[in-house]
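Note sheet for the following structure.
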Amino acid sequence: MVSRVIPVDPFDLIIFGGTGDLARRKILPALFRRYCAGQMPFEARIIGAARSEHDAEEYRAFASDAIREFAVGTYSADALSEFLSRLDYVTIDAMGDLGWEELAGKLTEARVRAFYFSVGPGLFGELAERIHAYGMASKETRIVVEKPFGHDLTTAQALNATLAAHFPESQVYRIDHYLGKETVQNLMAVRFGNMLFEPLWNAQYVDHIQITVAETVGVGGRGEYYDKSGAMRDMMQNHLMQLLCLIAMEPPAQFEPDAVRDEKLKVIRALDAVQPHHIVRGQYDAVPGDDGHPSYREAVDNPRSRTESYVALKTHISNWRWAGTPFYLRTGKRLKARSSVINVMFKNTPHSIFGEDAGQHANVLSIRLQPNEGITLQVTIKEPGPGGMRLIDVPLDMTFSEALGPEDADFPDAYERLIMDVIRGNQTLFMRGDEVEAAWAWTDPIIAGWEARNDVPKPYESGSVGPRDADLLIERDKRSWRGITP
Ligand code: BG6
């Protein structure tokens, strides 16, 4: 089975910040992969726009290097040169007039125009204003913005207001790339495409839920940004929050943008405030004797930094479905393995007919987002052979690369899916303004509490599972984290 590719209509995509890191690592390679897959039509055009002076040829050389470095998979030299011929470049001043008329002159009438704001949020207003002033705004205009969407509720509200002053919400696409991950969408397919799980998906049958997003990488060259953000703002407020929403939300009536986003919003608004003793922050230490792996403080060049590179917390959702079921969330850098997984931990049977010692365990549904995408249901069966009724746990394992075949399990990168959704005008996998604000409203008091208490994150060893206090957080409830394994 090879997945079907439905080409999108021809479009113009303008990348502000076209020579930046995101364009190089993600946007251009993603577009190229969609071109090779037959989804981006030849008539489509991509226009890089940035302050630096280049001509179209130089921009094509930049894109070619980016694709060679970051586009996975095999492709022909012909495909690459055809794709590059679709690229153009304009030197532009976001705060002045340079380049705007030239850009407007390059756009094709009557087709989708997506403006990708791959620049600092301080420029959003300037760009939006000039898109209007130079007559480039139409019904088919779409604005794509990236995280961080604000630093707190106040800044997020200001950004929303800036965008809303120029474009209706239906034209604004806020990217959270976790929503573009294949298995994240599978969460909805598994929950709402099967009768099996939904009747059990509530506090009566689910003991608790664990969401783990573990990374092996450190802060790398992003120290300046990261030290002002930390894991709470960088990962928890957006990526883990989105996963929590998809796991916990009520079934939307249709798989349509506002129906889905309304349900997610209700989850965020029903989240309890997190108690200070239900949250643990950590910061990674160096690996002794290993110069290649500096401590967090060395990596960000701030010996007194109190920013967390790890956070674990327990929260509850106060609604009929989930009251009483704790959600444990954790994320961190420089951990033991790269592993993003959601574990739905079901309750034990009310009574074991086989006796306490038979070896019966509760069912666990594990949804692995990355790597090794797939879903596993841990079930109890009889240990084969004579000798009485001894029970063992076995996985009903649906590793996608095995279940679907390697070709279909070669999933598109999240950006491939999301950019094509922008062109198609489908906002389902993008965050609405009120969702982002609600997520900040939940996050802000947690961060304010740390600041008021001068909280110092707990050190943890690089390559470990995080600080010991994070284990205690869940062990106090007589539960334990599932292992962090690739
Ligand atoms: C980004 C964060 O949004 O997501 C990074 O800013 C993080 O700090 C990254 O490393 C993780 O994304 P992925 O797709 O590698 O899991």
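The values are calculated or read from the model by the stated rules, or taken from the named source; none is laboratory data. Just so it is clear, the model here is predicted, and its values are computed rather than measured. Every residue, glycine among them, receives a Cβ derived from its backbone with ideal geometry; neighbour counts consider all protein chains shown.
Annotations for the structure displayed:
- Of the residues making up segment 21-49, those that are assigned to a helix (DSSP H, G or I) and touching a strand residue (DSSP E or B) at 6+ places or on another chain (Cβ under 8 Å) are 23, 27, 28, 31.
- Selection status of residue 18, outside any loop (DSSP other than H, G, I, E, B), within 26 Å of the chain's Cα centre (by Cα) and within 30 Å of residue 97 (Cβ to Cβ): no
- Top-ranked residue of segment 322-337 - restricted to ones that are within 17 Å of residue 282 (Cβ to Cβ) and either in contact with a Cys (Cβ under 8 Å, 6 or more places away or on another chain) or not in a strand (DSSP E or B) (or both), ranked as farthest from the ligand (Cβ to nearest atom): 336
- Entirely in segment 353-438, the strands (runs of 3 or more DSSP E) that have 2 or more residues that are assigned by TED's automatic domain parsing to the domain that holds residue 252 and more than 30 Å from residue 271 (Cβ to Cβ): 374-382, 391-399
- Filter result for residue 341 (at negative phi and in a strand (DSSP E or B)): yes
- Of all residues making up segment 138-162, the number that are crowded, with 17+ Cβ neighbours inside 10 Å, modelled with pLDDT under 95 and among the small types (Gly, Ala, Ser): 1
- Taken as a whole, the structure leaves residue 447 outside the set of residues that are within 22 Å of residue 294 (Cβ to Cβ), within 23 Å of the chain's Cα centre (by Cα) and among the aliphatic types (A, V, I, L, M).
- Qualifying residue in segment 52-68 (condition: under 25 Å from residue 176 (Cα atoms), within 24 Å of the chain's Cα centre (by Cα) and assigned to a strand (DSSP E or B)): no
- Total residues in segment 356-379 satisfying the condition of being modelled with pLDDT of 85 or more and either away from the ligand (no atom under 16 Å from the Cβ) or farther than 26 Å from residue 402 by Cβ (or both): the figure is 12.
- Identity of the residue in segment 363-390, touching a Lys or Arg at 6+ places or on another chain (Cβ under 9 Å) and surrounded by fewer than 17 Cβ atoms within 10 Å (Cβ to Cβ), that ends up nearest to residue 205 (Cα to Cα): 382
- Breaking point among (1) of a type in the set (Ser, Thr, Tyr); (2) over 21 Å from residue 140 (Cα atoms); (3) in contact (Cβ under 8 Å) with a residue 40 or more places away in the chain, for residue 64: (3)
- Whichever residue in segment 202-218 is in a strand (DSSP E or B) and within 26 Å of residue 319 (Cβ to Cβ) and, among such residues, is farthest from the ligand (Cβ to nearest atom): 207
- Checklist (1) of a type in the set (A, V, I, L, M); (2) within 24 Å of residue 425 (Cβ to Cβ); (3) in a helix (DSSP H, G or I) applied to residue 143, failing item: (3)
- Exclusive hit being crowded, with 23+ Cβ neighbours inside 10 Å and either under 20 Å from residue 78 (Cα atoms) or at pLDDT 95 or above (or both), set 24, 34: 34
- Taking the listed residues 174, 130, 142, the one that is within 30 Å of residue 101 (Cα to Cα), among the basic types (Lys, Arg) and not assigned by TED's automatic domain parsing to the domain that holds residue 26 is 174, with no other qualifying.
- Among the conditions (1) farther than 26 Å from residue 442 by Cβ; (2) surrounded by 21 or more Cβ atoms within 10 Å (Cβ to Cβ); (3) hydroxyl-bearing (Ser, Thr, Tyr), the only one that residue 352 does not satisfy is (2).
- Scope segment 219-234; condition assigned to a loop (DSSP other than H, G, I, E, B) and either away from the ligand (no atom under 16 Å from the Cβ) or modelled with pLDDT of 95 or more (or both); matching residues: none
- Of all the criteria given as (1) surrounded by 19 or more Cβ atoms within 10 Å (Cβ to Cβ); (2) within 16 Å of the ligand (Cβ to nearest atom); (3) under 29 Å from residue 64 (Cβ atoms), the one not satisfied by residue 120 is (1).
- Counting only residues that are within 16 Å of the ligand (Cβ to nearest atom) and either touching a helix residue (DSSP H, G or I) at 6+ places or on another chain (Cβ under 6 Å) or not in a helix (DSSP H, G or I) (or both), segment 235-260 holds 5 of them.
- Residues within segment 69-98 that are outside any helix (DSSP H, G or I) and either crowded, with 19+ Cβ neighbours inside 10 Å or among the charged types (D, E, K, R) (or both), tallied: 10
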